[in-house]
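S.K.: First the structure, which I've put down as structure tokens, then a few questions once you've had a look.
The values are calculated or read from the model by the stated rules, or taken from the named source; none is laboratory data. The model shown is predicted, which means the values in this text are computed figures rather than measured ones. No Cβ is skipped: glycine too gets one built from the backbone with ideal geometry, and neighbour counts run over all protein chains shown.
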């Protein structure tokens, strides 16, 4: 719908700054509160709009020709025109709200105007990164059998002794003693020339016998 900005003004006089717009919302609090409701602003959004005006967050710009809603006041009756179209390009203030809505105030009339956020849903294809999976084969551990050389077998060869060693033939000492003594006696008695051997100091007799 085409609107006429020169009729049904909210502001009694065209504002010259954002501070004057905020002052109009204060002096005509009922009118502007009703206008905010008509154009679709919640109480929280309207309070944010007024605070941003006071904080200097309003930009002086050229307004768009088309707005989603614009409020007007016709002889004390506040109304709103939706999908409003302006016939000429005008200047005014722009206040962006945190939820995406934008509030415009044309300088010629001070009417509240709202543009809703235009969200365009664009499908976005997100490439899923390819994961490289390295598979490691699990092999059961088998201990390696180490070839160990057998220990050398030491064979101790015993000396080749005969099964039995003949014991030396021993004769009773008396066997040898008897012939020796007999020979001595025989020599003494038969070869010595007498029965009594000579003294050893004189030497022995023929059978090597002597007496001490």
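S.K.: Taking only region 27-41 into account, find how many residues are part of a helix (DSSP H, G or I) and either on the phi > 0 side of the Ramachandran plot or without any contact (Cβ under 8 Å) to a residue 24 or more places away in the chain (or both).
M.R.: We begin by selecting, within region 27-41, every residue part of a helix (DSSP H, G or I); these are 27, 29-38.
Remaining after also requiring either on the phi > 0 side of the Ramachandran plot or without any contact (Cβ under 8 Å) to a residue 24 or more places away in the chain (or both): 27, 29-30, 33, 37.
The total comes to 5.
S.K.: Mind telling me which of the residues 8, 57 ends up being free of Cβ contacts under 8 Å to residues at least 40 places away in the same chain, out of contact with any helix residue (DSSP H, G or I) (no Cβ under 7 Å at 6 or more places or on another chain) and either closer than 16 Å to residue 106 by Cβ or assigned to a loop (DSSP other than H, G, I, E, B) (or both)? Show your work before the answer.
M.R.: Working: 8 fails: free of Cβ contacts under 8 Å to residues at least 40 places away in the same chain.
The match here is 57.
S.K.: So residue 95 fits all but one of (1) surrounded by fewer than 20 Cβ atoms within 10 Å (Cβ to Cβ); (2) under 60 Å from the mean Cα position of the chain (by Cα); what number is the exception?
M.R.: The one condition residue 95 does not meet is (1).
S.K.: Let me ask something else about it. Taking residue 44 as meeting all but one of (1) part of a loop (DSSP other than H, G, I, E, B); (2) at pLDDT 95 or above, write down the number of the exception.
M.R.: (1)
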